[in-house]
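The values are calculated or read from the model by the stated rules, or taken from the named source; none is laboratory data. Everything quoted here is computed from the prediction, not taken from an experiment. Every residue, glycine as well, gets a Cβ built from its backbone with ideal geometry; the counts of neighbours run over all protein chains shown. Side chains included, ligands, DNA and RNA excluded: accessible areas come from the protein's heavy atoms. Shrake-Rupley method; radii C 1.70, N 1.55, O 1.52, S 1.80 Å.
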Amino acid sequence: MSQHTVSITRPKTLQAGQPVYLGIDVGGTNVKLGLVSDDGQLLTQSTAPTPALGTPERVFEHAMEFAAEQLNLLGCGVTLNGVGLAVPGVLDTSAMALREVVNLPGWLDQPLLRLLADAAHVPAMVVNDANAAALAEHSRRGLGNHSLALMTLGTGIGCGVVVGGHPHSGDHGCAGELGHIAVRFGEDALPCTCGSRGHLESYAGSGGVIARLRAAYASQPQLAVPECLSSQNVTPREIAEQAAAGNAICQAVIDETASYVGAGIGMLAQVVDPAVVLLGGAMTFGGPGTPTGTRFMKLIRQTVRDTTLAQVGKHLIVDFASLGNDAGILGAALVAKQAAADASIQIANHSDRL
Ligand SMILES: [Zn+2]
């Protein structure tokens, strides 16, 4: 049995016979599991290292063991009504198979929905992890039929899109790949990890931010580079801390990042016209409640207004995400709930025909 940690939050409101849903959020490092109540409360969760489990079959087996054990602990006749799986990479939603993924050997081209349904014996669904997180934020904000995009800033730039209340994957599983829209053109545009050039991720992903910081110092050789910034492993948080302490170069790099991110959101907003765009991930320069994070957000909003039609820029809400690391599990549980609802409609229709 692989090592895993379990934390339990058991709300007083849990009723006998209440349905719960299992959310499985698979990443290259960890598999996160959670049982979620019908009203979206995370009742119990567990984390296990993905490489120790390995294959989809083994992950699903482990997830169902976790669910059985925790349902037993929750007691009062709580029933598992559905299972949802959130996965990174390019998900082909016709075959429910991953067509591109890094750090998950053995998961490519596997029939994930069939394998999950075989293990679960309850209605099951698979969703891209960015869309799962977006769906969870959408539900938490009670947005109903309105649209939302959740942009995640980190090493890469990801984005989940919920259109009219439903996750939108696109025909090739690539909808919302905002990190790979071009913000610079020409031979001198920075190369992107995808092989192309000038993409948002090359400028506003954490590697791009650090590269621009190094270039800014290189252009002003009279300035000494602070020790914490000269490390190979300098982080955006350290850049934010330096900016907060009055480092003008760090502040300029963060401001420039805000203008790239704002331009990206503006393009997305002009195409999708959502009600809300949220920013999450590790690279929000301190996020809400810090002067640097607040300034970052203010500049993003300004760029969105400056680069879109007034009707879009004036009404679009741009804010920080609120669910953090639990968003993937919660979104996976939401698609499980939808799968259970769809299955009960099918059963009802079948009964009507008899
Ligand atoms: Zn790219």
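May I ask you to verify whether residue 244 is buried (at least 19 other Cβ atoms within 10 Å of the Cβ) and in contact (Cβ under 8 Å) with a residue 40 or more places away in the chain? Spell out how you get there, then give the answer.
Values: buried (at least 19 other Cβ atoms within 10 Å of the Cβ): no; in contact (Cβ under 8 Å) with a residue 40 or more places away in the chain: yes.
So residue 244 does not fit the description; no.
Residues that are surrounded by fewer than 19 Cβ atoms within 10 Å (Cβ to Cβ) and basic (Lys, Arg) were ranked within the range 302-354; the one that is farthest from residue 258 (Cα to Cα) is 353.
Within the range 176-195, which residues are within 11 Å of the ligand (Cβ to nearest atom) and open to solvent by less than 50 Å² (accessible area, probe 1.4 Å)? Lay out the reasoning, then the answer.
First, pick out the residues of the range 176-195 that are within 11 Å of the ligand (Cβ to nearest atom): 177-183, 189-195.
Those that are within 11 Å of the ligand (Cβ to nearest atom) and open to solvent by less than 50 Å² (accessible area, probe 1.4 Å): 178, 179, 181, 182, 183, 189, 192.
Among the numbered conditions (1) of a type in the set (D, E, K, R); (2) open to solvent by 30 Å² or more (accessible area, probe 1.4 Å); (3) within 16 Å of the ligand (Cβ to nearest atom), the only one that residue 140 does not meet is (3). Selection over the range 82-98 of residues that are in a loop (DSSP other than H, G, I, E, B) and hydrophobic (A, V, I, L, M, F, W, C) gives a count of 2.
Taking the range 169-207 as the range and being under 18 Å from residue 267 (Cβ atoms) and in contact (Cβ under 8 Å) with a residue 40 or more places away in the chain as the test, the residues that pass are 174, 176, 178, 181, 183, 200, 201, 203, 204, 205.
Results for (1) open to solvent by 50 Å² or more (accessible area, probe 1.4 Å); (2) within 16 Å of the ligand (Cβ to nearest atom); (3) at pLDDT 95 or above; (4) not aromatic (Phe, Trp, Tyr), shown as yes or no for each residue.
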| site | (1), (2), (3), (4) |
| --- | --- |
| 204 | no, yes, yes, yes |
| 221 | yes, no, no, yes |
| 229 | no, no, no, yes |
| 251 | no, no, yes, yes |
| 256 | yes, no, yes, yes |
| 261 | no, yes, yes, yes |
| 269 | no, no, yes, yes |
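Here are the criteria: (1) surrounded by 15 or more Cβ atoms within 10 Å (Cβ to Cβ); (2) over 16 Å from the mean Cα position of the chain (by Cα); (3) outside any helix (DSSP H, G or I). Tell me which single one residue 289 does not satisfy. Failing condition for residue 289: (1).
Yes/no per residue for (1) within 17 Å of residue 58 (Cβ to Cβ); (2) open to solvent by less than 20 Å² (accessible area, probe 1.4 Å); (3) over 22 Å from the mean Cα position of the chain (by Cα); (4) at pLDDT below 95:
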site: 85; (1), (2), (3), (4): yes, yes, no, no
site: 97; (1), (2), (3), (4): no, yes, no, no
site: 103; (1), (2), (3), (4): yes, no, no, yes
site: 108; (1), (2), (3), (4): yes, no, no, no
site: 119; (1), (2), (3), (4): yes, no, yes, no
site: 122; (1), (2), (3), (4): no, no, yes, no
site: 126; (1), (2), (3), (4): yes, yes, no, no
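From the list 59, 90, 6, which residue is buried (at least 21 other Cβ atoms within 10 Å of the Cβ) and of a type in the set (A, V, I, L, M, F, W, C)? Working first, answer last.
Working: 90 fails: buried (at least 21 other Cβ atoms within 10 Å of the Cβ); 6 fails: buried (at least 21 other Cβ atoms within 10 Å of the Cβ).
Exactly one of 59, 90, 6 is buried (at least 21 other Cβ atoms within 10 Å of the Cβ) and of a type in the set (A, V, I, L, M, F, W, C), namely 59.
Which of the residues that make up the range 68-81 are at positive phi and small (Gly, Ala, Ser)? Once the filter is applied, which keeps residues that are at positive phi and small (Gly, Ala, Ser), the range 68-81 yields 75, 77.
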